[in-house]
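The structure under discussion appears below in the form of structure tokens.
The values are calculated or read from the model by the stated rules, or taken from the named source; none is laboratory data. This structure is a prediction, so every number in the text was calculated from the model and none was measured. Glycine also receives a Cβ, built like all others from the backbone with ideal geometry; neighbour counts cover every protein chain displayed.
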Amino acid sequence: MNYRIHALTGSLCGLLFIHYFSLPLWYKGAVIYSLVVIGSLLPDIDIPTSYLGRRLKPLSILINLIFSHRGFTHSLLFCFFVYLFSLIIGLEFYGVAVVIGVFSHILIDLLTKGFGSNRILSILVEAVLFLCHVFFIFFLFS
Ligand SMILES: [Zn+2]
């Protein structure tokens, strides 16, 4: 799937995370939301032409050479290491946010395996995710 679908899924997960923990929308909520969205894009860093891969090209090429696409960065072990890293630096709550984003990415990739670059399916999924945002934001702010 393309980065927009992963970002939209991460965005939805971020909104759910903020709502579940009743976080204030400003500062901590915004940071958590951003981390979930970044986490949802993180696994595709193993593709040098991906959204994050283009911005972090040397790292992306290195990861692609070592693990190849949909390897280590698309595994639960990667989630564990992200969480472990956040634990070591003492920011485990923020680490959970990134892990939720990474997990949403892995889940979407699993669900859409085989559909690959189906343009119509991508548009439909984006439309559904957009509508979910509209309903959820209405629910969150009402
Ligand atoms: Zn992926």
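Of note:
Matching residues to (1) buried (at least 20 other Cβ atoms within 10 Å of the Cβ); (2) among the charged types (D, E, K, R); (3) under 16 Å from the mean Cα position of the chain (by Cα):
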{"site": "L15", "(1), (2), (3)": "yes, no, yes"}
{"site": "P24", "(1), (2), (3)": "no, no, no"}
{"site": "Y27", "(1), (2), (3)": "no, no, no"}
{"site": "I32", "(1), (2), (3)": "yes, no, yes"}
{"site": "I38", "(1), (2), (3)": "no, no, yes"}
{"site": "D46", "(1), (2), (3)": "yes, yes, yes"}
{"site": "I61", "(1), (2), (3)": "no, no, no"}
{"site": "R70", "(1), (2), (3)": "no, yes, yes"}
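Rundown of residues vs (1) among the charged types (D, E, K, R); (2) in contact (Cβ under 8 Å) with a residue 60 or more places away in the chain, yes/no style:
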{"residue": "R54", "(1), (2)": "yes, no"}
{"residue": "N64", "(1), (2)": "no, no"}
{"residue": "T73", "(1), (2)": "no, no"}
{"residue": "L77", "(1), (2)": "no, no"}
{"residue": "F85", "(1), (2)": "no, no"}
{"residue": "I89", "(1), (2)": "no, no"}
{"residue": "I100", "(1), (2)": "no, yes"}
{"residue": "H105", "(1), (2)": "no, yes"}
{"residue": "L111", "(1), (2)": "no, no"}
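- Residue within segment 5-17 that is of a type in the set (S, T, N, Q) and touching a residue at least 60 places away in the same chain (Cβ under 8 Å) present: yes
- Verdict on I66 being modelled with pLDDT under 95 and touching a Gly at 6+ places or on another chain (Cβ under 7 Å): no
- Among the residues here, T9 qualifies as assigned to a helix (DSSP H, G or I) and within 14 Å of the ligand (Cβ to nearest atom).
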